[in-house]
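One structure below.
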Amino acid sequence: MAEYASYALVLFALGAYVALDGYDLGIGILGLFDRSDERRKEYTELVATAWDANESWIILAAVILWAALPGVYATVLPGVYLPLVVMLLAFVLRGLGLEMQSSAADYRRGWGRLFGISSLVVTLCQGLVVGTVLSGLPQHGGVFEGGALRWLTPYSVLCALGVTALYLLAGAAWLQAKTQGSARRRAARLGRPLLALTVAACLVLGFGLEVADPQYFRFDQPLRAVLFGLLVAAAAVCGALAWYGFGKEPDARPFVAVLCAQVAGLLALVTATAPVVVPPDLSVHAAASPTGSQVFLLIGVGCCMPVVLAYNIYAWWVFRGKYRPPAPAALAVPAEPVATRADLTDSQVSAAESGVGTLARRVGFTVLGLGVVAVAQDVFGGQGEWIAPVSLILFSSVSLTAWLVGDRRAAAAGEFDLDQAARR
């Protein structure tokens, strides 16, 4: 029974991640298609309040899965190495773009685009991984036997598009709940079309799963069939409530309805597939670690879970209510006497002119990112000599592009001009 408790914890952590970080990713993607820099700034400020807490759930799910169900790791990871590595790199770039954008006084399109594109890449990669797992992986004795591109299938591509639609819907619902003015009106206007797109994607993926998934669904069991039907009906009711709630008060109704629909949909999927974890026949019992490891894990996670929940609840409580942009007067910087070169020490002038601090920070970011890639390849490597070079080239090129674009915009804004900086 311990393995099923661990499996329930994995599902809880994954569900929390989809529900919480899903709207973050959706907001990032929505920002790519918004022409208003003012609204884009609001989006990034909203995400910056809790994105790190939201992403902690996927780390918790990965740890539980690795310790409790190592058979899943041994089967799934070799089949989805490339989208997982790309997702990890996109996570790094997404956090970089968000933090740099949030620390700026106004909207910086370079960092904003980096945040939005990274959010889209993360979402697509997650959909590819989910679609690959649902459509089954070739295995023998818990060992993956497919090729490096086994993750690229028609069903996985459709699943990536479906996850993108779901995250966009969650992002629009969250924006209606947390913003006001034009941002709220735009979110309410987008809500119903995105809901219709998500429902269509769910229908296609649901009926397509019967073809793509090689396992046999045991709907001949009355309890399973009834429970699955009730969960699908609950998801449909929640979708109807979300449709009715977009553009109407209370503004939080669509997000709550979308959240409940996500939970019902996840439980319906588990009801249809359990106890199989990885199709066609890798079950929870076959993939589980020894009982002693399970008990140790449950005790450890039981101690950590209240801390993670408390952190999330505290973040939500602190930033509750509508987001209100600061008044223009609050952004004004008091006038100060113009500093001359005589007022600055030689070391200050040297640092300002050479930008040593900026250079050191950016080089540090790049080195840190490359270190993350190196560690990831050491952990996940062995399934193709070309994966590591491709990952390094991808991360290096994106980092260098973000660096050059940021420098170019900063130079155009006069941030490297000592006299202009002193007048601010």
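The values are calculated or read from the model by the stated rules, or taken from the named source; none is laboratory data. These numbers come from a predicted model, not from an experiment. All Cβ positions, glycine included, derive from the backbone under ideal geometry; neighbour counts span all protein chains shown. Keep in mind that these areas ignore ligands, DNA and RNA; they rest on the heavy atoms of the full protein, side chains included. Shrake-Rupley method; radii C 1.70, N 1.55, O 1.52, S 1.80 Å.
Table for the structure above
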| read-out | value |
| --- | --- |
| Heavy atoms of Lys41: accessible area, 1.4 Å probe, square angstrom to 10 | 30 Å² |
| Cα-based Rg / Dmax (Å) for region 8-102 | 15.4, 48 |
| Which of Val308, Pro280, Leu223, positive extreme of dipole for region 198-311 (C-beta unit charges) | Val308 |
| Solvent-accessible area per residue for region 182-234 (1.4 angstrom probe, square angstrom) | 63 Å² |
| Cα shape, region 109-251, gyration tensor, a/c 1.5 rule | oblate |
| Vicinal HN-Hα couplings computed from phi for region 6-12 (Karplus, 6.51 cos²θ - 1.76 cosθ + 1.60; Hz; Gly/Pro x) | 5, 4, 5, 5, 4, 5, 5 |
| Total formal charge among the other residues, if their Cβ is under 15 angstrom from that of Tyr167, Lys/Arg +1 and Asp/Glu -1 | -2 |
| Amide H partners (placed H, <5 Å) of Ser283, local residues excluded | Val277 |
| Ranking by accessible area, most exposed first, for Phe144, Phe296 with a 1.4 Å probe | Phe296, Phe144 |
| Solvent-accessible area of Ile299 with every protein chain in place, 1.4 Å probe, in Å² to the nearest 10 | 110 Å² |
| Mean separation of Cα contacts under 8 Å, 6 or more apart, over the residue count of region 98-250: relative contact order % | 21 percent |
| Accessible heavy-atom area order of Asp407, Asp281, highest first, probe of 1.4 Å | Asp281, Asp407 |
| Whole-Hz ³J(HN,Hα) from phi, Karplus 6.51 cos²θ - 1.76 cosθ + 1.60, for region 28-37, glycine and proline x | x, 5, 4, x, 5, 10, 9, 8, 8, 5 |
| Two-site FRET efficiency, Ala5 against Phe219, from Cβ-Cβ distance with R₀ of 30 Å, rounded to 0.05 | 0.70 |
| ³J(HN,Hα), Karplus 6.51/-1.76/1.60, whole Hz, each residue of region 308-313, x for Gly, Pro | 5, 5, 4, 5, 5, 5 |
| Residues whose placed amide H lies under 5 Å from that of Phe144, excluding near-sequence neighbours | none |
